[in-house]
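The values are calculated or read from the model by the stated rules, or taken from the named source; none is laboratory data. Given the structure is predicted, the values throughout are model-derived calculations rather than measurements. Note that each Cβ is placed from the backbone with ideal geometry, even for glycine, and that neighbours are counted across all protein chains shown.
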Amino acid sequence: MLRRSAWIIIAALFALIAGPNVCYAAKPKNPTGPTVDLKRGSCSARIIVQETSLDPVVGAEVTLLRARGAKPVVLVTTENGVVIFKGLPNQGSPLEFTISKNQRTTSLLINPSENCHGEFDVVMPDKIASPER
């Protein structure tokens, strides 16, 4: 009886100390967001845009740059920082994405033939890149 009480006390103390940290650090499984289907294949990419603090970036533009003069495809992140591109080609060249918000920009290169249904975490740079002189 005493052993069981001791374990309950230890578990309660652990929950009080570590509980909030564990809860906030957990990422939702398969977060959803704005989605586009390009109908070019069966691959997909879930892109999660985050600050360096790992908070989601709301309002970031995720642009898929397309070859041969085709119009770029742009999705904007919502409250969880996620966008989803479906119908990506299974073969061919890697796909280039640019992610930007408030003059901060980064890029992502995805090769669907190597990772057909990938989830990609993108961390936005803290500072605006200054132009080279």
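List of remarks:
- Of the criteria (1) modelled with pLDDT of 95 or more; (2) at positive phi, which one LEU108 fails: (2)
- Residue match in segment 70-88 (condition: farther than 21 Å from ASN115 by Cα, assigned to a loop (DSSP other than H, G, I, E, B) and basic (Lys, Arg)): yes
- Filter result for VAL73 (out of contact with any strand residue (DSSP E or B) (no Cβ under 8 Å at 6 or more places or on another chain) and surrounded by 13 or more Cβ atoms within 10 Å (Cβ to Cβ)): no
- Leading residue by the ranking (farthest from the chain's Cα centre (by Cα)) among those in segment 32-50 that are surrounded by 16 or more Cβ atoms within 10 Å (Cβ to Cβ) and small (Gly, Ala, Ser): GLY41
- Residues of segment 79-99 that turn out to be closer than 12 Å to VAL62 by Cα and surrounded by fewer than 16 Cβ atoms within 10 Å (Cβ to Cβ), as a count: 2
- Residues within segment 62-75 that are free of Cβ contacts under 8 Å to residues at least 12 places away in the same chain and at negative phi, tallied: 4
- In this structure, VAL49 qualifies as of a type outside the set (Asp, Glu), part of a strand (DSSP E or B) and over 15 Å from ASP37 (Cα atoms).
- Selection from segment 76-112 of residues that are touching a strand residue (DSSP E or B) at 6+ places or on another chain (Cβ under 8 Å) and free of Cβ contacts under 8 Å to residues at least 24 places away in the same chain: GLU79, PRO94, THR106, SER107, LEU109, ASN111
- Candidates SER5, SER53 - the one that is at pLDDT below 95, under 17 Å from the mean Cα position of the chain (by Cα), surrounded by fewer than 15 Cβ atoms within 10 Å (Cβ to Cβ) and among the small types (Gly, Ala, Ser): SER53
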